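Novice: Sharing a structure, written as structure tokens. Questions coming.
The values are calculated or read from the model by the stated rules, or taken from the named source; none is laboratory data. Every value quoted in this text rests on a predicted model; they were computed, and no experiment measured them. All Cβ positions, glycine included, derive from the backbone under ideal geometry; neighbour counts span all protein chains shown. With ligands, DNA and RNA removed, areas are computed over all heavy atoms of the protein, side chains included. Shrake-Rupley method; radii C 1.70, N 1.55, O 1.52, S 1.80 Å.
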Amino acid sequence: MPIYLYFGEDEYSMMLAANALRESVLDPNWASFNYDKILPAIDAVQTGLNQAMTPPFGSGSRFVWLVDTNITQHCSQNLLENLESTLPLIPETTLLLLTTPNKPDQRLKSTKLIQKWAEVRDFSPIPPWKTELLEQQVKEMAQEVGVKLNSSGVTFLAEALGNDRRQLHSELTKLQLYVSGDSVVDLEVITTLVGSQTQSSLKLATAIRLGDTVKALELVADLIAHNEHPLRIVATLVGQFRIWFWVKLMIETGERDEKAIAQAAEIGNPKRIYFLRQEVNSLSLNQLQKTLPLLLELEVSLKQGKEQISTLQTKVIELCQVFSQKNIFSKKS
């Protein structure tokens, strides 16, 4: 049986994959004897290794799951030696799964050792600014659930729900129960059932770009009310403003090839460049350059433990001022 290492912050997708693995190897009649879910503890890894070496009872295989392990973030020399001696000897009748929300530290010997023996899967959420991937995710999950959507419905759900796969699955299931037969769910039904007031960090980026302070602060309040973590908001803003910056920079250097601009901005679909050109048309490169240090200051302040809401609001006001009409006219004069 193989060894698996799952990492990433998409807890929902990781849980589904872990459950699928468990069901693929366990005999339901013997599951209570052969399933070990080991929660974080001082001796969790050693306990997991010991259980992995234990033959299963009855039919089927043994499934050992080390939940939220830190073995790829920190590992003592003694534990490393145990890993080196145990991993190659884990019997074919055992499936060992290690999961962690943290990206493995590639510098650690324990990480390199586990990667040598394990199948590694990344469950990091899709960045909110990668709209093509979000829409593809909506299409794939809609097909799994059995819901037919048109392009406007796919776009709406991708924008409204972002990378929240758990919520996406819940809303698609709701739509599947509502619509009978093979009918395509129209946008009016989706906005009614899912709700059109869901706010995203991308809308916040747009409000800042337009210098609309009032709207931006409303969006901040809505995002916080929807339990969006401030650092996630910042990550989205950084990604979006970075895209706008690179598109503007490439345009000002005389680049006209949309594929070249898309490559520089790390955009998968070059057709988006047409719309991005319109978005940055009225902006100066200097304005876009100013946003990145401000966003870095915001990220550092939040990580240092400063009060989240007031810190976010203050920095959003500063960012809006960069793009205010007064600021633009002062540049021209």
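Novice: Carbon and sulfur: what percent of the range 60-202's accessible surface (1.4 Å probe)?
Specialist: About 48 percent, which is the carbon plus sulfur part of the accessible surface.
Novice: Additional query: What is the distance, in nm, between label points placed 7 Å from the Cα along the Cα-to-Cβ direction at Thr93 and at Glu218?
Specialist: 6.5 nm
Novice: Starting from the exponent 0.38 and prefactor 2.2 Å, build the expected Rg for the range 131-193 from its residue count and divide its actual Cα Rg by it.
Specialist: 0.96
Novice: Hey, got a sec? Which GluC sites (Glu not before Pro) in the range 234-333 land in a DSSP loop and have at most 11 other Cβ atoms within 10 Å? Before the final figure, lay out each step's value.
Specialist: Working: sites: Glu252, Glu255, Glu258, Glu266, Glu279, Glu297, Glu299, Glu307, Glu318; in loops: Glu255, Glu266, Glu307.
Here the GluC sites (Glu not before Pro) that fit, given the DSSP loop and packing criteria, are Glu307.
Novice: For Arg209, Arg242, Arg166, write out the residues from largest to smallest accessible area, computed with a 1.4 angstrom probe and no ligands counted.
Specialist: From most accessible down to least: Arg166, Arg242, Arg209.
Novice: Would you mind calculating the gained length between Ser180 and Gln115 on full extension (0.36 nm times residue separation, minus the Cα-Cα distance), in nm to one decimal?
Specialist: Length gained, Ser180 through Gln115: 18.7 nm.
Novice: Could you give the size of the charge dipole of the chain about its Cα centre, using +1 on the Cβ of each K and R and -1 on the Cβ of each D and E, expressed in debye and rounded to the nearest 20?
Specialist: 1080 debye
Novice: How high is the FRET efficiency between Thr173 and Lys37 when r is their beta carbon distance and R₀ equals 25 Å, given to the nearest 0.05?
Specialist: FRET efficiency, Thr173 to Lys37: 0.45.
Novice: Shifting gears a bit: Under a crude label model (7 Å from the Cα following the beta-carbon direction), how far is Arg256 from His229 in nanometres?
Specialist: Computed distance between label sites Arg256 and His229 equals 4.6 nm.
Novice: Let me ask something else. Among Lys112, Lys139, Lys130, whose mean-square fluctuation peaks in a Gaussian network model of the chain (Cα, cutoff 10 Å)?
Specialist: Looking only at Lys112, Lys139, Lys130, the largest GNM fluctuation is found for Lys112.
Novice: Can you list the trypsin sites (Lys or Arg not before Pro) in the range 1-110 that are in a DSSP coil and have 12 or fewer other beta carbons within 10 angstrom?
Specialist: Of the trypsin sites (Lys or Arg not before Pro), the ones in loops of the range 1-110 whose Cβ has at most 12 other Cβ atoms within 10 Å are Arg107.
Novice: So, one more: Could you work out how much longer the chain between Glu9 and Val145 gets when fully extended? Use 0.36 nm per residue separation minus the Cα distance between them, nm to one decimal. Don't skip to the end; give the middle numbers.
Specialist: Numbers: separation 136, 0.36 × 136 = 48.96 nm, distance 2.29 nm.
Between Glu9 and Val145, full extension yields an extra 46.7 nm.
Novice: Right, something else. For the chain, with every protein chain kept in place, what is the accessible area per residue (1.4 Å probe, Å²)?
Specialist: In whole numbers, the chain has 54 Å² accessible per residue.
Novice: For the pair Lys103 and Leu79, what calculated FRET efficiency results from E = 1/(1 + (r/R0)^6), where r is the Cβ-Cβ distance and R0 = 25 Å, to the nearest 0.05? Walk me through the numbers before you get to the answer.
Specialist: Numbers: r = 20 Å, r/R0 = 0.80.
After rounding to 0.05, the efficiency reads 0.80.
Novice: Using R₀ = 30 Å, calculate the FRET efficiency as 1/(1 + (r/R₀)^6) where r is the Cβ-Cβ separation of Asp68 and Glu266; round to 0.05.
Specialist: 0.45
Novice: From the mean inverse distance of alpha carbon pairs (Kirkwood) and the Cα radius of gyration, derive Rg over Rh for the range 3-122.
Specialist: Result for the range 3-122 is an Rg/Rh of 0.94.
Novice: How much length is gained if the chain between Thr314 and Asp27 is pulled fully straight, taking 0.36 nm per residue apart and subtracting their Cα-Cα distance, in nm to one decimal?
Specialist: In short, 97.7 nm is gained.
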